[in-house]
Amino acid sequence: SRILIFIISILITSCISVEICDDDNNSMMVAKFMTMKDEMPADSTVASLSLYGIREGRPDSLLYNQDPTNNFKVPLDPHHDFTRFVLQIGEQTDTLELTHRQELYGISYDCGFGNLFTLDSIGYRTGMIKSAEIKNDMVDAETKEDDVHIWLFL
C-alpha cells in the first residue's frame, strides 16, 4: 500500500504546473539617461524625474516620480501605435513620443499572452532631450533588470 501511495503522489505532482507567472503581462520599456563625455556615451543621473503618461481622451497620469535616477521603466500603449510621455526634470520639461508596432505572443500555457512591441522611432519636442537612440527595439513582458531599450541624451 505504501508503494501505491508513492506512485499516486508522483502522478499527482507531475500534473501540477509549477510555473510562476508575473502578476501582470505588461511590456515595460526601459529608458536610460546618457550624456556625451570625451565624445563617448556615458551614464547620466538626474536629480529628480516626474513622468506623465499622455493618452488621447484621458487625463494625464503620473507614472513615475523619483529622485535621483538614471533610468525609468514605463508601459507602452497597447491601444495605439504610439506612446507619449511628458518628462519633467527639475523645472525643465520635454515630450517624448515613441512610435511602435505590436503583436501578441504566447508567454506560456500557464501565463497566457503578452504584448511584443517593436520600437520604430523616438521623437522629442522642446530641447531638454538633445538626442535619442534605440538600443533594443523589442519590448516584451519578460524585460530583465538590466535591459535598456532607449538612450536619452540630455
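With the condition kept exactly as written, say whether any residue in the range 84-95 is within 12 Å of residue 29 (Cβ to Cβ) and touching a residue at least 40 places away in the same chain (Cβ under 8 Å). No; the residues of the range 84-95 include none that is within 12 Å of residue 29 (Cβ to Cβ) and touching a residue at least 40 places away in the same chain (Cβ under 8 Å).
Remark: pairs (first residue in the range 128-154, part of a loop (DSSP other than H, G, I, E, B); second residue polar (S, T, N, Q) and crowded, with 16+ Cβ neighbours inside 10 Å; Cβ separation under 6 Å; 6+ apart in sequence or on different chains) = 140/27; 141/25; 141/27; 154/44. Scan the range 31-46 for residues that are among the small types (Gly, Ala, Ser), in contact (Cβ under 8 Å) with a residue 40 or more places away in the chain and over 13 Å from residue 128 (Cβ atoms) and the total you get is 1. Could you say whether any residue in the range 116-138 is surrounded by fewer than 18 Cβ atoms within 10 Å (Cβ to Cβ), farther than 19 Å from residue 154 by Cβ, at pLDDT below 90 and not hydrophobic (A, V, I, L, M, F, W, C)? Checking the range 116-138: not a single residue is surrounded by fewer than 18 Cβ atoms within 10 Å (Cβ to Cβ), farther than 19 Å from residue 154 by Cβ, at pLDDT below 90 and not hydrophobic (A, V, I, L, M, F, W, C).
I need a count of the residues in the range 47-77 that are outside any strand (DSSP E or B) and either without any contact (Cβ under 8 Å) to a residue 40 or more places away in the chain or out of contact with any strand residue (DSSP E or B) (no Cβ under 9 Å at 6 or more places or on another chain) (or both). Give the derivation first.
Start the filter on the range 47-77 by keeping residues that are outside any strand (DSSP E or B), which leaves 47-48, 55-60, 67-68, 70, 76-77.
Imposing the further condition that a residue be either without any contact (Cβ under 8 Å) to a residue 40 or more places away in the chain or out of contact with any strand residue (DSSP E or B) (no Cβ under 9 Å at 6 or more places or on another chain) (or both) reduces the set to 55-60, 67-68, 70, 77.
Residues flagged as outside any strand (DSSP E or B) and either without any contact (Cβ under 8 Å) to a residue 40 or more places away in the chain or out of contact with any strand residue (DSSP E or B) (no Cβ under 9 Å at 6 or more places or on another chain) (or both) within the range 47-77 amount to 10.
Counting the residues of the range 36-64 that are surrounded by 12 or more Cβ atoms within 10 Å (Cβ to Cβ) and not hydroxyl-bearing (Ser, Thr, Tyr) gives 11. Consider the range 1-54 and keep the residues that are at pLDDT 85 or above and basic (Lys, Arg). The one that is nearest to residue 119 (Cα to Cα) is 32. Could you list, in sequence order, all residues of the range 104-127 that are in a strand (DSSP E or B) and without any contact (Cβ under 8 Å) to a residue 40 or more places away in the chain? Within the range 104-127, 104, 105, 106, 118, 120, 121, 122, 123, 124 qualify.
Filtering the range 87-109 for residues that are surrounded by 15 or more Cβ atoms within 10 Å (Cβ to Cβ), at pLDDT below 80, more than 15 Å from the chain's Cα centre (by Cα) and hydrophobic (A, V, I, L, M, F, W, C) leaves a non-empty set.
The values are calculated or read from the model by the stated rules, or taken from the named source; none is laboratory data. This structure is a prediction, so every number in the text was calculated from the model and none was measured. As a convention, Cβ positions derive from the backbone with ideal geometry for all residues, glycine included, and neighbour counts pool all protein chains shown.
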